[in-house]
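This report refers to the structure that appears directly beneath it.
Please treat every number below as a calculation from the coordinates, not as lab data. Everything numeric in this text was worked out from a predicted model, so none of it was measured. Methodologically, a virtual Cβ is constructed for each residue, glycine included, from the backbone with ideal geometry; neighbour enumeration extends over all protein chains shown.
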Amino acid sequence: MSRRSKRSKAEPQKTVTLHNGNNIQMPLISLGTWKSPKGQVAAAIKVAIEAGYRGIDTANDYGNEAEIGEALKELFAAGVIKREELFIQSKLWNSNHRKEHVKADLVATLKDLQLDYVDSFVIHWPQACPSTGKAPAVCANGPGPGPAAQGTMFPLDDEGKYCNDLESHYVETWHAMEELVDEGLCKTIGLSNFNVTQIREILDNAKKYKPAVLQNECHPYLQLKDLWDFCKINGIQLQAYCPLGSYDRPFVRKGDPELLQDERIQAIAKKYKKSVAQVVLRWHVQRGVTACPKSVTPSRIQENNDIWDFELSAEDLAEFDRFNINYRLLMWSETAGHPDYPFKDELPYGFVVGPAPANTTKSSRQA
């Protein structure tokens with residue numbers, strides 16, 4: 001169903017059409033799987049499909065794609081869902097930016113997911129960092145940080161800092177991504193964590209395919225209004241990761257605001273007799289932004305997709321505008337030494353890049 005399709009109140013719009021994907025439909029709500037633990041993510045996928053989700057957001061550095069693949073295999077075999085009914089998105093990891101490594105990254109994902117193609121494949125970050133540049137690094141080599149010689153996805157130098165590959169650039173990476181579309185390994189290609197200058201560089205240098213999707217952190221505290229306008233002008237669909245503020249995000253900083261505890265949003269939710277998460281997700285989709293909330297809790301998975309029976313009023317949408325404080329929760333500043341790090345303007349004065357944290361995927365908080 002496209003944005004221009006006529007629809008009744010009983011059939012709310014749940015997808016958007018990607019501009020360069022042969023009428024590829026992207027769900028407004030997909031299940032996020034970052035931080036979803038092994039042993040729980042398969043059950044989460046099954047609950048989500050039963051609850052009406054048709055989008056799944058993955059990445060091989062999440063370390064759980066093999067389990068997701070097993071869940072999909074079971075669902076397909078049981079006739080619960082068909083492959084063509086799903087929109088599955090994965091990501092090119094930073095250690096595989098070199099042209100000769102791009103395909104190997106996606107092939108590893110397809111093997112784990114037990115699929116012939118993904119619907120969207122995006123460059124996870126613009127910086128080829130961490131990377132040794134010597135060989136493709138995939139989850140099977142070890143998703144966690146470790147010495148570069150181990151071939152992990154988060155290789156560290158002798159000082160414990162992330163390695164950089166300064167001989168690779170994302171424009172060359174993009175050209176290799178374009179070839180994957182022609183090979184039928186992905187339907188569309190896109191970007192994640194890119195700033196406007198970097199997106200424009202891709203647009204100016206694309207040979208055949210422009211980005212269909214931009215996945216960036218986005219929530220009421222970080223509304224990306226200018227970036228979303230830029231995307232709309234250029235036919236790029238903005239997708240929000242951490243759309244609910246990611247309560248279980250790693251490396252919480254002292255003083256971080258907690259979105260789901262905001263009393264102003266709680267008051268709006270009470271008015272609609274909905275949860276805070278539901279009104280925030282409804283805010284995303286009414287802006288036209290797609291979102292991929294993560295959960296492994298069945299009741300929350302179901303709740304997050306139960307947002308189609310109400311609409312926020314113009315007054316409440318205007319109230320959400322007041323929450324924007326341009327507060328980024330996930331900086332990954334340990335990679336800021338790379339020239340292509342996208343958020344340099346948001347680092348404090350005198351910032352010095354330090355060693356990588358001991359764990360890149362888990363929070364001290366309970367998931």
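Label-to-label distance, residue 74 versus residue 201, with points set 7 angstrom from Cα along the beta-carbon direction: 4.4 nm. Labels on offer are (1) 0.94; (2) 1.65; (3) 0.90, and the one holding Cα Rg over 2.2 N^0.38 Å computed from this structure is (1). For residue 331 and residue 171, a Förster radius of 22 Å and the Cβ-Cβ distance give a FRET efficiency of 0.35, rounded to the nearest 0.05.
Sites count as exposed loop sites when they are GluC sites (Glu not before Pro), lie in a DSSP loop, and have at most 15 other Cβ atoms within 10 angstrom; the longest stretch of the chain without one is 1-158.
Under a GNM of the chain (C-alpha, springs under 10 Å), which listed residue has the highest mean-square fluctuation: 332, 228, 283? Among 332, 228, 283, the largest GNM mean-square fluctuation belongs to 332.
Cβ-Cβ distance of residue 23 and residue 159, R₀ of 56 Å, FRET efficiency by 1/(1 + (r/R0)^6): the value works out to about 0.65. State which entries of 210/232; 35/187; 103/232 exceed 18 angstrom in Cα-Cα distance in the structure shown. Long pairs (Cα-Cα over 18 Å): 35/187; 103/232. Each of residue 258 and residue 346 was given a label point 7 Å from its Cα along the Cα-to-Cβ line. The distance between the two points is 2.1 nm.
Rounded to 0.05, the FRET efficiency of the residue 82 and residue 313 pair, given R0 = 51 Å and the Cβ-Cβ distance, is 0.85. Per residue, the average separation of C-alpha pairs within less than 8 Å and at least 6 apart gives the chain a relative contact order of 18 percent. Under the membrane-span-like helix rule (DSSP H runs whose alpha carbons stretch at least 15 Å along the helix axis, mean Kyte-Doolittle hydropathy -1.0 or higher), the chain yields 65-77, 99-113, 170-182, 276-287. When all alpha carbon pairs of the range 200-338 are counted in 5 Å bins from zero, the resulting P(r) reads 2, 9, 18, 21, 20, 15, 9, 5, 2, 0 %. For the pair the range 111-133 and the range 10-78, the centres of their Cα atoms are 16 angstrom apart.
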